[in-house]
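Some notes on the structure that comes next.
The values are calculated or read from the model by the stated rules, or taken from the named source; none is laboratory data. None of these values were measured; they are calculated from a predicted model. Every residue, glycine among them, receives a Cβ derived from its backbone with ideal geometry; neighbour counts consider all protein chains shown. Quick note on the areas: whole protein, heavy atoms, side chains included, nothing else; ligands and nucleic acids left out. Shrake-Rupley method; radii C 1.70, N 1.55, O 1.52, S 1.80 Å.
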Amino acid sequence: MNAWKHFCTITKHRWAVRKGCFAVGLYWQGLTHDLSKYSPAEFISGVKYYQGTRSPNSRERELIGYSTAWMHHKGRNKHHFEYWTDLNIETKCYAPVRMPRKYFVEMCMDRIAACKIYHGKDYRDGDALEYFLRSLEIRDVSMMHPETKNQLIFILTMLRDNGEEETFRFIRDVVLKGKPFA
């Protein structure tokens, strides 16, 4: 039963991301978003740790100390800020790098869609911002480039304050055209 529920959850999530990506003109990202979730490396863990109200990766992490599905996922999906780290030539340590705009926008759509799916009819436009701000309190986001963090807060605040239509217009007209913001 969890296999079907997990399949439905990730498929609904992909449809919600696709809708957002298409609304701003990111067709390829919309079509290919999270395809790795159907791979055995991610799907089997998703079924095993499925709860329906949050990511199975969180439950797996609580039980065994890390998430095998997440390790697989973040290394294959450029819309996660964790993907965007590289060796800094000067410090010889791994450090965050700026996300390219198309992946940054896909990340925004991913966060919005996740809130829509998990919150259902109780979803509000401020949910993605609230979730992100809470995550800043409980986990280390030092591997997120400071510019990416500021831009994400800017976009999610705009979504909360001005709604989806205005935010998506801004993403199309400013963010995806490479204009400075935040």
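Would you pick out the residues in the stretch 8-50 that are among the aromatic types (Phe, Trp, Tyr) and within 27 Å of Lys102 (Cβ to Cβ)? Give the derivation first.
First, pick out the residues of the stretch 8-50 that are among the aromatic types (Phe, Trp, Tyr): 15, 22, 27-28, 38, 43, 49-50.
Matches in the stretch 8-50: Trp15, Phe22, Tyr27, Trp28, Tyr38, Phe43.
Out of Arg111, Arg160, report the one residue that is within 21 Å of Lys12 (Cβ to Cβ) and either open to solvent by 20 Å² or more (accessible area, probe 1.4 Å) or not in a helix (DSSP H, G or I) (or both). Steps first, please.
Values: Arg160 fails: within 21 Å of Lys12 (Cβ to Cβ).
Step by step, each of Arg111, Arg160 is checked, and only Arg111 is within 21 Å of Lys12 (Cβ to Cβ) and either open to solvent by 20 Å² or more (accessible area, probe 1.4 Å) or not in a helix (DSSP H, G or I) (or both).
Considering only the stretch 164-182, how many residues are within 23 Å of Tyr27 (Cβ to Cβ) and in contact (Cβ under 8 Å) with a residue 12 or more places away in the chain? Show your work before the answer.
Applying the first criterion (within 23 Å of Tyr27 (Cβ to Cβ)) to the stretch 164-182 yields 164-179, 181.
So of that shortlist, the ones also in contact (Cβ under 8 Å) with a residue 12 or more places away in the chain come out as 164, 167-168, 170-172, 175-176, 178, 181.
Matching residues across the stretch 164-182 total 10.
Please pick out the residue among Glu82, Glu90 that is more than 26 Å from Lys179 (Cα to Cα), among the acidic types (Asp, Glu) and open to solvent by 20 Å² or more (accessible area, probe 1.4 Å).
Answer to the check: Glu90.
Going through the stretch 163-182 one residue at a time, which ones are under 18 Å from Trp84 (Cβ atoms) and either open to solvent by less than 60 Å² (accessible area, probe 1.4 Å) or modelled with pLDDT of 95 or more (or both)?
Looking only at the stretch 163-182, we keep the residues that are under 18 Å from Trp84 (Cβ atoms), and these are 175-176, 178, 182.
Hits for the stretch 163-182 are Val175, Leu176, Gly178.
Would you point out the residue of the stretch 54-76, among those that are among the polar types (S, T, N, Q) and out of contact with any His (no Cβ under 8 Å at 6 or more places or on another chain), that is least open to solvent (accessible area, probe 1.4 Å)?
The residue in question is Ser67.
Give me the pairs, please: first residue somewhere in the stretch 30-45 and more than 16 Å from Thr9 (Cα to Cα), second residue anywhere and of a type in the set (Phe, Trp, Tyr), beta-carbon distance under 8 Å, and either six or more positions apart or on two chains.
Here the result reads Gly30/Phe22, each pair linking the stretch 30-45 to a residue that is of a type in the set (Phe, Trp, Tyr).
For the stretch 93-106, enumerate the residues that are touching a Ser or Thr at 6+ places or on another chain (Cβ under 7 Å), open to solvent by 60 Å² or more (accessible area, probe 1.4 Å) and not charged (D, E, K, R).
Tyr94
Among (1) within 23 Å of Ile153 (Cα to Cα); (2) open to solvent by less than 30 Å² (accessible area, probe 1.4 Å); (3) touching a Gly at 6+ places or on another chain (Cβ under 6 Å), there is one condition Val17 misses while meeting the rest; what is its number?
Among (1) within 23 Å of Ile153 (Cα to Cα); (2) open to solvent by less than 30 Å² (accessible area, probe 1.4 Å); (3) touching a Gly at 6+ places or on another chain (Cβ under 6 Å), Val17 violates only (3).
For the stretch 47-66, indicate whether the set of residues that are touching a Ser or Thr at 6+ places or on another chain (Cβ under 9 Å) and basic (Lys, Arg) is non-empty.
yes
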